[in-house]
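> I'd like to ask you about the structure that follows.
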Amino acid sequence: MPATAALQRLPLPEPKAQQLLALTENLDDASLWWLSGYAAGLAKREAAPSRDAQVAAAAQTEARISIVYGSQTGNARRVAEQLARELGDAGANARLFAADAYPLRELASERVLYVVISTQGDGDPPDAARAFIDHLGGRRAPKLAGVAFAVLGLGDTSYPQFCVTGRKLDARLAELGGTRLLDFAAADLDIETVAAPWSRRAVEAASESLQVRAPATNVTPLHPHVEAATWSPARPFKAEVLANQRITAEGSGKDVRH
């Protein structure tokens, strides 16, 4: 069936109508149906982002802050999550990553990078942070000129290698050309006494570096802010003890209870 049999006039300028008629003139029914579906798909494509949208996206990336945490028992993660909330409340574009989920290819393009990382045992990094640490310590690590950073280490002073993972990482980021926004901070078991003031300074430093302005107070957020519980030795969770069970064997010299 000729393409012109059922359609005498097309809602197109004459040159385009002639081109379409020439294209479809000798197509059979099956080909015409296929072409109609293809054309419908083209019509539904998302429009390419406008120049303004591209500029806005670039500005958002330029003002981005990335927080990477390496956690074995959950303390570093908790501190990093709290920092992300505080940055968000200040109007910053903050991203939060576990060390094993961070896209290493983006290191050199960061503007502000915060790392919260613990030290385990005899100076070991958390298991999930080993690849992150190895990449930064290797020959393929990128130059970090233009990247501002700060590192908070978590550890236990009863171990000889107190916060050594964080200290080495802080030194390595500077060696790669990064600019230190805050001096390295090391938190002992009373984490909040160091982490809380460090986080406040981190928010202030990032806001100043990226010229972040807090959102207007009359703007209602799409998602209500819910303050997460942050229990710590300084702020213990109060709970009723329902059982006091000894877990050591009979005859043991130790009385360990759970």
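> Please arrange Thr119, Thr157 by accessible surface area, largest first, computed with a 1.4 Å probe and ligands excluded.
Result of the area sort, largest leading: Thr157, Thr119.
> Taking amide H positions as placed 1.01 Å from N in the peptide plane, with prolines and chain starts having none, which residues 5 or more places from Val147, or on another chain, fall under 5 Å of its amide H?
Thr179
> Working out 0.36 nm times the residue gap between Leu189 and Ser158, then minus their Cα-Cα distance, what length gain in nm do you get to one decimal?
Contour length minus the Cα-Cα distance gives 10.2 nm.
> Long-range amide H contacts for Leu96: which residues qualify at under 5 Å (H placed 1.01 Å from N, peptide plane, sequence gap of 5 or more or a different chain)?
Ile67
> If the label point is 7 Å along Cα→Cβ of Glu175, which residues in the range 140-162 have backbone nitrogen under 13 Å from it?
140-142
> Sort Leu169, Leu242 by accessible area with a 1.4 Å probe, largest first.
On the way: Leu169 5, Leu242 155 Å².
In descending accessible area the options line up as Leu242, Leu169.
> Kindly write out, for the range 163-174 in residue order, the coupling ³J(HN,Hα) from the Karplus curve 6.51 cos²θ - 1.76 cosθ + 1.60 (θ = phi - 60°), rounded to whole Hz, with x marking Gly and Pro.
Couplings: 6, 5, 4, x, 4, 5, 5, 4, 5, 5, 4, 5 Hz.
> Under a 1.4 Å probe, what is the accessible area of the range 79-172 per residue, stated in Å²?
Using a 1.4 Å probe on heavy atoms only, each residue of the range 79-172 averages 44 Å².
> Taking the range 85-154, which trypsin sites (Lys or Arg not before Pro) meet the DSSP loop condition and have no more than 11 other C-beta atoms within 10 Å? Spell out each step's value before the answer.
On the way: sites: Arg85, Arg95, Arg105, Arg111, Arg130, Arg139, Arg140, Lys143; in loops: Arg111, Arg139, Arg140, Lys143.
Loop-located and lightly packed - Arg139, Arg140, Lys143.
> Same structure again: Within the range 152-194, whose backbone N sits under 13 Å from a point 7 Å along Cα→Cβ of Ala108?
Of the residues in the range 152-194, 177 have backbone N under 13 Å from the label point off Ala108.
> Related question: Send over the per residue convex hull volume for the range 97-168, Cα only, as a whole number of Å³.
Here the figure is 84 Å³ per residue.
> Moving to a separate point now. Ordering Ile191, Ile133 by how much accessible area each has at a 1.4 Å probe, largest first, what is the list?
Numbers: Ile191 15, Ile133 45 Å².
Sorted descending by solvent-accessible area, the residues read Ile133, Ile191.
The values are calculated or read from the model by the stated rules, or taken from the named source; none is laboratory data. No experiment lies behind these values; they were computed from the predicted model shown. Here Cβ is always computed from backbone atoms with ideal geometry, including for glycine, and neighbour counts include all displayed protein chains. Only protein heavy atoms, including side chains, enter the accessible area calculation; ligands, DNA and RNA are left aside. Shrake-Rupley method; radii C 1.70, N 1.55, O 1.52, S 1.80 Å.
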